[in-house]
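Note sheet for the following structure.
FYI, it's all coordinate maths here, none of it is from the lab. Keep in mind that what you see is a predicted model, and the values were worked out from it rather than measured. Cβ placement follows ideal geometry from the backbone for every residue including glycine, while neighbour counts extend to all protein chains displayed.
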């Protein structure tokens with residue numbers, strides 16, 4: 001049995017459990033989706049949006065990438081945001097980062113030079129770290145600096161998302177679109193809201 005065979009077997013078992021506990025689960029899932037939230041999170045395999053929020057499939061529209069970045073030039077991310085806001089009428093947009101983010105740590109340790117695509121992708125995060133160097137350097141160790149940069153990154157991405165053409169256009173049309181910043185702690189499994197600085 002290959003590793004893929006094992007994954008497919010686990011999928012079949014999951015499907016059987018779903019059907020046994022709720023025979024109409026998949027039929028409902030095939031209906032039109034009406035998620036309340038858009039989740040822009042890190043691609044880290046330890047941070048699955050539905051699982052850590054206790055929500056079922058169909059309740060959260062999800063976009064994930066390395067270090068949960070929102071970039072106006074990222075057609076994929078902006079297409080997800082536009083589809084969520086304009087087609088699915090999602091009004092609650094979340095940017096969720098997490099402590100222990102490998103992308104954040106790589107930026108602080110300058111460890112992506114040999115990984116061209118990752119290095120290029122993390123450029124905005126590197127710029128943020130440079131702008132916040134005084135604050136980060138004042139922290140006593142790399143773990144604290146990494147945790148703080150994770151938080152600063154979420155705050156920055158919330159600002160970018162709020163300033164995006166999609167969100168601005170929706171607000172001009174009168175839609176009450178709200179953008180939230182959350183940080184997930186792998187050590188206790190809890191999400192915490194990050195407030196924008198006043």
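Assorted remarks:
- Residues 156, 27, 151 arranged by fewest to most Cβ contacts within 10 Å: 27, 151, 156
- Residues 164, 21, arranged from fewest to most other Cβ atoms within 10 angstrom of their Cβ, appear as 21, 164.
- Gyration tensor (alpha-carbon) shape descriptor, the range 1-74, a/c threshold 1.5: oblate
- Footprinting exposure proxy ranking of 172, 139, fewest other C-beta atoms within 10 angstrom first, gives 172, 139.
- Helix 3-21 axis, angle to the chain major axis (alpha carbon atoms, nearest 10°): 60
- Over the chain: helical MRE at 222 nm, DSSP H runs n ≥ 4 each giving -39500 (n - 2.57), nearest 500: -13500 deg cm²/dmol
- The angle between the Cα long axis of helix 142-162 and the main principal axis of the chain comes to about 70°, on a 0 to 90 degree scale.
- Kirkwood estimate for the range 83-198, i.e. one over the average of 1/r between Cα atoms, Å: 15.5
- Cα point-scatterer Debye curve for the chain, base-10 log of I(q)/I(0) at q = 0.13, 0.17, 0.18 Å⁻¹: -0.79, -1.18, -1.26
- The DSSP beta bridges internal to the chain are antiparallel in roughly 20% of cases.
- Stokes-Einstein diffusion coefficient of the range 13-129, Kirkwood radius over Cα pairs, 20 °C, 1.002 mPa s, in µm²/s: 133
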